[in-house]
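What follows is calculated from the coordinates using simple rules that are stated; it is not laboratory data. Values in this document were obtained by computation on a predicted structure and should not be read as measured data. Every residue, glycine among them, receives a Cβ derived from its backbone with ideal geometry; neighbour counts consider all protein chains shown.
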Amino acid sequence: MTGPILPAARSTLPQALRAQSRWDAIDGVIPVLLARPVAPTGPAPILIWLHGRTVSKELDPGRYLRLIRSGIGVAAIDLPGHGERYDQALQAPEATFDVVRQARAEIDRVVEWLRRPGDFDPDRVAVGGMSAGGMSVLSRLCSPHGFAAAAVEATTGSWRHQRGRAMFLHLAEDVIRALDPIEHLDTWREIPLQAVHARRDAWVDFAGQQAFIDALRNRARSPGSIELVVFEETGAPHEHAGFGRHAAEAKDLQRAFLIRHLRPR
């Protein structure tokens with residue numbers, strides 16, 4: 001992405017998605033695309049979704065359409081410095097930690113905003129994200145929360161495996177450890193979790209996510225509720241963005257996971 005996403009860009013999304021969606025700004029600050037389920041029969045479950053670095057919440061209409069057609073709403077937000085709140089400085093790899101940290105803090109504001117109209121079931125809220133968005137999600141899940149499930153892609157819960165990346169090089173160890181999920185498993189509340197990853201991901205080390213998932217399973221009362229889906233080769237750029245030839249399969253797997261655990265009517 002080379003510049004801000006303007007409202008006019010919404011017109012490029014599929015009509016079936018636009019008909020079920022509205023755009024807003026939570027507390028006037030956090031841009032959100034809110035997509036309601038097709039033909040709802042009462043308060044619906046919903047997924048809060050955080051995209052990755054350098055893109056925007058409008059990136060993923062295929063994911064959103066799958067979910068709203070299955071009775072699950074979507075609240076997709078722009079990460080700090082992205083989309084409708086574009087800031088060139090926050091696009092840089094060195095700024096990623098600040099983006100992750102701020103997005104982590106904003107997740108609760110999204111939850112509170114969703115409670116106000118009463119269209120969504122507060123007991124059936126899932127949270128998820130990919131890459132930098134997924135890092136924010138996994139870090140947030142190490143503090144008390146009310147989420148029913150979580151789904152992440154191409155991300156990691158073991159930041160020590162990413163220490164050589166630009167986002168961490170300028171930071172003190174104690175700053176990183178304070179938010180690194182694998183350092184805070186004592187405060188992790190067990191919920192169904194699906195993680196999808198490409199084994200050859202050049203940007204987010206698969207070994208780190210495998211270590212995090214193994215650590216969660218070793219502590220879990222129900223290890224089977226923690227799913228790790230691994231694609232050996234995807235053809236995606238850097239084996240990271242979107243899972244290439246497996247993109248549709250990854251979205252279908254996520255939809256099936258959320259249907260199982262959010263039980264849309």
Counting other beta carbons within 10 Å of each Cβ, put Met167, Met130, Met135 in order, fewest first.
Met167, Met130, Met135
In percent, what relative contact order does segment 7-262 have, based on Cα pairs under 8 Å that are 6 or more apart in sequence?
16
Could you tell me, in Å, what Rg and Dmax come out for the Cα atoms of the chain?
17.2, 50
Computed log₁₀ I(q)/I(0) - Debye formula, equal Cα scatterers, no solvent, segment 129-265, q 0.10, 0.21 Å⁻¹:
-0.32, -1.34
In sequence order, calculated HN-Hα J values of segment 231-243 (Karplus, 6.51, -1.76, 1.60; Hz; x Gly/Pro)
9, 5, 8, 10, x, 6, x, 6, 6, 10, 7, x, 6
Going fewest to most other Cβ atoms within 10 Å around each Cβ, Thr96, Thr12, Thr54 line up as Thr12, Thr54, Thr96
List the residues of segment 20-44 whose backbone N lies under 15 Å from a point placed 7 Å from the Cα of Ile259 along the Cα-to-Cβ direction.
38
Report, in deg cm²/dmol and to the nearest 500, the calculated mean residue ellipticity at 222 nm for the chain, where each DSSP H run with n ≥ 4 adds -39500 (n - 2.57) and the sum is divided by the residue count.
-9000 deg cm²/dmol
May I ask you to sort Tyr86, Tyr64 by Cβ crowding, counting other Cβ atoms within 10 Å and putting the fewest first?
Tyr86, Tyr64
I need the phi-derived Karplus couplings for segment 174-186: 6.51 cos²θ - 1.76 cosθ + 1.60, θ = phi - 60°, integer Hz, Gly and Pro marked x.
5, 5, 5, 4, 4, 10, 5, x, 5, 7, 10, 5, 5
Of all DSSP beta bridges in the chain, antiparallel share, percent nearest 5
30
Label point distance in nm, Ala207-Leu171, each placed 7 Å from Cα along Cα→Cβ
2.1
So which trypsin sites (Lys or Arg not before Pro) in segment 153-249 end up in coil per DSSP with only 16 or fewer other C-beta atoms within 10 Å?
Arg163, Arg165, Arg189, Arg199, Arg200, Arg221
Put a dot 7 Å past each Cα toward the Cβ at Glu190 and His145; how far apart are the dots in nm?
1.8
So if I take the alpha carbon set of segment 1-105, get Rg, then get Rh from the Kirkwood formula, what is the Rg over Rh ratio?
0.98
